[in-house]
Amino acid sequence: MIKPYGIIPPIITPFTEEGKFNEPVYREMVDHLIRDGVHGVFPLGTTGEFYAVSEDEVREIFAVTLDAVKGRVPVYGGATHITTRGTVRLVQVAEEAGVDAVSVLTPMFVSQTQDEIYQFYKTVAENTSLPVIIYNNRPKTNVHVAPATVAKLAEIPNIVGVKDSTGDFTNTAEYIRLTRGNDHFSVLLGRDTLIYAGLCCGAAGAIASCANVAPRIAADIYDKFKAGDLAGALDAQFTLAPLRLACNMGTFPEVIKEGLMMQGYPVGKCLDPIQELTPDEKAKLRKVLEDMKLL
């Protein structure tokens, strides 16, 4: 059973001007990320605009990802739906494709109790042989997976981790504290400014959107930390922080796509209704990337 670790970029989904999945550019992105040292790739997360693609496109993107990766790093497939049965169906699509694990976001719009959240993930786990990662993105969904619920879910053998995108480090630390005796379970940061802090407290890594644009810098936080170079890891964290803060411009994940286009990767803009950054915002982003020596 896989145990998630390291820096895992939730890879963007490039689109053509007509809104079609751009396979050649996607393959280029996969090679770019692996070449620069990431420890896994995660198609169809929030950064990959999972909400904007059909089930047929999900199958296609999983197949292309696996073919492009060729076993070099684990593939964590996103499987998110507003209902339990819809989520189970997408998890089974991911399993049929051959991904190594699935990341499952809490259902959106529906305001669930903690018991309902527990039953949701338990049912998902019972309907797949794949390792399952809980994905808590309360700022986007307004649904929270409480630390006690995560600790209870961690007792299920094929629930192997949680991604915490709340930005609430007390919450992350509680996830770590309550599961630290569980050898098969990983806590992953979903807020790129907190990767170093998480590692210091026992987190296993991060699913880091900014790693699309700065894979080597993001990977350095983890690699240098594990090598005992704490000063180097902290320096890498502080180098990455301005890019994550710049993501507050525009609607997420447009800043990530704009940054990649500035670097020469023709990934296209996010699908409508998300709009391009303004000229002033683009200028500010360019300065950030120049200061990071990414341009």
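Worth pointing out:
- Top-ranked residue in the stretch 29-42 [being under 18 Å from the mean Cα position of the chain (by Cα) and assigned to a helix (DSSP H, G or I); ranked as nearest to R244 (Cα to Cα)]: L33
- Residues (crowded, with 21+ Cβ neighbours inside 10 Å and closer than 15 Å to P266 by Cα) located in the stretch 1-25: I11, I12, T13, P14, F15
- Any hit, the stretch 112-129, residues being surrounded by 22 or more Cβ atoms within 10 Å (Cβ to Cβ) and in a loop (DSSP other than H, G, I, E, B): no
- Strands (runs of 3 or more DSSP E) fully within the stretch 149-245 counting 1 or more residues that are within 16 Å of I7 (Cβ to Cβ), of a type in the set (D, E) and modelled with pLDDT of 95 or more: 159-164
- The single condition from (1) at positive phi; (2) surrounded by fewer than 23 Cβ atoms within 10 Å (Cβ to Cβ) that H32 fails is (1).
- Selection count, the stretch 48-84, where residues are closer than 17 Å to P24 by Cβ, among the aliphatic types (A, V, I, L, M) and surrounded by fewer than 22 Cβ atoms within 10 Å (Cβ to Cβ): 5
- Residue that is surrounded by fewer than 17 Cβ atoms within 10 Å (Cβ to Cβ) and either among the small types (G, A, S) or free of Cβ contacts under 8 Å to residues at least 60 places away in the same chain (or both), where the choices are A233, A146: A146
- For the stretch 119-159, the candidate set comprises residues that are under 15 Å from the mean Cα position of the chain (by Cα) and of a type in the set (A, V, I, L, M); within that set, the residue that is nearest to A101 (Cα to Cα) is V132.
- Scanning the stretch 43-82 for residues that are under 25 Å from Q119 (Cβ atoms), in a loop (DSSP other than H, G, I, E, B) and modelled with pLDDT of 95 or more returns L44, A79.
The values are calculated or read from the model by the stated rules, or taken from the named source; none is laboratory data. As the structure is a computational prediction, the values presented were derived from the model and not from experiment. Because the Cβ atoms are built from the backbone with ideal geometry, glycine has one as well, and the counts that use them run over all protein chains shown.
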